[in-house]
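Right, one structure below, let's go through it.
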Amino acid sequence: MKVELPEEASGSTRIFGLDSIRFVCAVIVVFGHFGVFPDNAFGDSPSLAVKYLRSITSLLFNGPAAVIVFFVLSGFCINLPQTLRRAHTLDVWQFYARRFIRILIPAALATCLYLVFSVDTSYPNYSVLWSVICEAVYYLLYPALLFVSSRIGWSLLVVFTTLVVFIVALANGAPLLASGNAYTALGLWTWLVGLPCWTLGCWLAENRSRFPLVGWRSIWLMRGSLFALTVILRIVKFHAHGVLASNIVTLNILAFVVVVWIGLEVRYLRAQPPPRWLEWAGKWSYSLYLIHPLAVSIAIASVNTSLWLHWVTVILGFMLALVFYYLVERPSHFLAQSFGRGKQYGVPAQLALRQ
């Protein structure tokens, strides 16, 4: 019989299952960019059935929605140690050292690899780097957000940031429509668009105990419903018009559903841990996210008319990501831990926070 242990008793802030969720979301992003079928795989004049099949499969992988899950998980994991320790202080320099070394070194090296080895630059590497930039901004803001939340609470922060994003979206209808309702339509201000999702994750870290422990039928119903909702929102983005149909609006609404789902998953996965292979795969999901544009550029340039070569390239992308994890991301993680002990900095690094 599997028993759910209290988090405080475990002595660890690690929650099994979150890496599995990351890997599934990374795979969705990968196939959202790769596609299941390459262009002209069935000739220049495919049958109507093939056209429908291609359209249906293209709707199944809502990459931006998967990034929303990443944002919520990020906020959750960043704020969880504070809530478990019930800490009144944050070692700012230790926090910055760990987080920025952890994400920026792999991102920089992945970009260099892309610039050197990419075959077709029509699919740019920065198509994924925008979310890394958003994460970096959130890490910079976290001490200030933590300070403000100690005064007004995470709930009001979520409400405020969500209202700001909706107002900004309504005031920028023309750019949104011109970009095809893309999530990154506001360019450098994309970090502001995703901020409510990230603060929702911080809220979840403090309110995770409010979610009940559900059975496997309920959790699979929630998983299936969420996936169906991402497909519907992808249809809305392409076929509906107006600001309210843009990803900036719909995906920020989706984030509230994602929070409920992750809250249920956190409780469920403590009692029913995921398969070990899925957790292992989740460890290199960030590498997969960073490195797959290189494989996509190869696919676009050289194998876009061959179905089996297309899938060979997909497999190559996964293999490159695994190698990148062991050679770059994993060492960066260890380096971040060594630099993040906070003893090398000869200045006070404590930010007092009332919680």
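List of remarks:
- Residue match in segment 101-119 (condition: among the β-branched types (V, I, T), open to solvent by 40 Å² or more (accessible area, probe 1.4 Å) and within 30 Å of G242 (Cα to Cα)): no
- Selection within segment 198-222 - open to solvent by 50 Å² or more (accessible area, probe 1.4 Å) and among the polar types (S, T, N, Q): S209, S218
- Helices (runs of 4 or more DSSP H) enclosed by segment 42-143 - at least 2 residues per element that are within 18 Å of W154 (Cβ to Cβ) and modelled with pLDDT of 90 or more: 63-85
- Unique match (being more than 27 Å from T250 (Cα to Cα) and not aliphatic (A, V, I, L, M)) among F147, F160, F166: F147
- With respect to the conditions (1) at pLDDT 80 or above; (2) farther than 30 Å from S338 by Cβ; (3) open to solvent by 60 Å² or more (accessible area, probe 1.4 Å), V30 lacks only one, and its number is (3).
Residues checked against (1) surrounded by 21 or more Cβ atoms within 10 Å (Cβ to Cβ); (2) outside any helix (DSSP H, G or I):
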site	(1), (2)
L177	no, no
N181	yes, yes
T184	no, yes
L188	no, no
W191	no, no
G194	yes, no
G224	no, no
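The values are calculated or read from the model by the stated rules, or taken from the named source; none is laboratory data. Here the structure is a predicted model, which means the values were calculated and not measured. Reconstructed Cβ throughout: ideal geometry from the backbone, glycine too, with neighbour counts over all protein chains shown. These area figures cover heavy atoms from the full protein model, side chains too; ligands, DNA and RNA do not enter into them. Shrake-Rupley method; radii C 1.70, N 1.55, O 1.52, S 1.80 Å.
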